[in-house]
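Trainee: Questions regarding the structure given below will be posed in turn.
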Amino acid sequence: MPTTSGSTRMRPRAVVAIVSTIPVVVGGYMLFDGMHALLLGRFFGPGIGPWGFLVSLVGVDPTSMAAPFVVEGSLWLFFLISGFYRRWWAWYGRVFTAIATLWYLPLGTVLTLVQVMLLVRYRKLLRS
């Protein structure tokens, strides 16, 4: 249903579904990939993704990112669950964690941008 500004408004259930699915996909994969690297000595898949180039630009060895992956993946899931329990600070944690994941090229960056846009656009819905 169009609003007075001409933009289209998403249904509340669709918004909640999307902002709940993104943390499971991004955070769940980061947690899995980080645990895989910690336990088996290498990240899952054929090699380190494009994010490796980005972190190496700031002087971080991509192969040393296993523990940060586990922490960041866990934060995605922690703040998602906290939001289900209506903790007042969960929305802030979700935004912070998403912004902190913008470096995770390529799919993580795209999903993170969608997450931040929806969290900000539908802030009242998602904080109630």
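Trainee: Let's see if you can work this out: charge +1 on each Lys and Arg Cβ, -1 on each Asp and Glu Cβ, no other charges. What is the dipole magnitude of the chain about its Cα centre, in debye to the nearest 20?
Mentor: 840
Trainee: Another question, if that's okay. At a 1.4 Å probe radius, which order do Arg13, Arg127 fall into by accessible area, largest first?
Mentor: Correct descending sequence by accessible area is Arg13, Arg127.
Trainee: Could you report the accessible area of Met30 in Å², rounded to 10, computed with a 1.4 Å probe on the protein chains as they sit in the structure?
Mentor: Accessible area, nearest 10 Å²: 0 Å².
Trainee: So, counting K/R as plus one and D/E as minus one, what does the shell of residues with Cβ under 14 Å around Phe84 add up to?
Mentor: Taking every other residue near Phe84 into account, the sum is +4.
Trainee: How big is Rg to Rh over the chain, alpha-carbon atoms, Rh as the Kirkwood inverse-mean-distance radius?
Mentor: Reported Rg/Rh (Cα atoms, Kirkwood Rh): 1.04.
Trainee: Expressed as an acute angle from 0 to 90° and rounded to the nearest 10, what is the orientation of the C-alpha long axis of helix 107-121 relative to the principal long axis of the chain?
Mentor: The angle comes out at about 30 degrees.
Trainee: Continuing with the same structure: Expressed as an acute angle from 0 to 90° and rounded to the nearest 10, what is the orientation of the C-alpha long axis of helix 12-40 relative to the principal long axis of the chain?
Mentor: Roughly 10 degrees, rounded to the nearest 10.
Trainee: Pick from Ser82, Ser20, Ser56: which is most flexible by mean-square fluctuation in a GNM of the chain where alpha carbon atoms under 10 Å apart are linked?
Mentor: Per the Cα network of the chain with a 10 Å cutoff, Ser56 tops the list.
Trainee: Could I ask something else about it? What does the convex hull of the Cα atoms of the stretch 8-69 come to per residue, in Å³, rounded to a whole number?
Mentor: That works out to 117 Å³ per residue.
Trainee: Taking only Cα atoms and a 10 Å spring cutoff, compute GNM fluctuations for the chain and point out the largest among Arg87, Arg11, Arg42.
Mentor: Arg11
Trainee: Compute the Cα gyration tensor for the stretch 50-105, then decide on rounded, prolate or oblate, letting a ≥ b ≥ c be the square roots of its eigenvalues: rounded whenever a/c is under 1.5, prolate when a/b is larger than b/c in the other cases, and oblate in all that remain.
Mentor: Taking the square roots of the gyration eigenvalues as a ≥ b ≥ c, the stretch 50-105 is prolate.
Trainee: Quantify, in whole percent, the carbon and sulfur part of the accessible surface of the stretch 1-97 (1.4 Å probe; protein heavy atoms only).
Mentor: On the stretch 1-97, the fraction of accessible area on carbon and sulfur atoms equals 70 percent.
Trainee: Could you point to the residue in Ile48, Ala17, Phe78 farthest towards the positive end of the chain's charge dipole, with +1 and -1 charges on the Cβ of Lys/Arg and Asp/Glu respectively?
Mentor: Result: Ala17, furthest along the dipole toward the positive end.
Trainee: Got a sec? Charge dipole of the chain, +1 on Cβ for Lys and Arg, -1 for Asp and Glu; which of Leu31, Thr112, Thr63 is way out at the positive end?
Mentor: In the chain, that residue is Thr112.
Trainee: Something else now. I want to verify a result. In a Gaussian network model of the chain, Cα cutoff 10 Å, which of these has the top mean-square fluctuation: Gly52, Gly34, Gly73?
Mentor: Checking each option, the largest mean-square fluctuation is seen for Gly52.
The values are calculated or read from the model by the stated rules, or taken from the named source; none is laboratory data. Every value quoted in this text rests on a predicted model; they were computed, and no experiment measured them. Ideal geometry is used to build each Cβ from the backbone, glycine not excepted, and the neighbour counts take in all protein chains shown. These area figures cover heavy atoms from the full protein model, side chains too; ligands, DNA and RNA do not enter into them. Shrake-Rupley method; radii C 1.70, N 1.55, O 1.52, S 1.80 Å.
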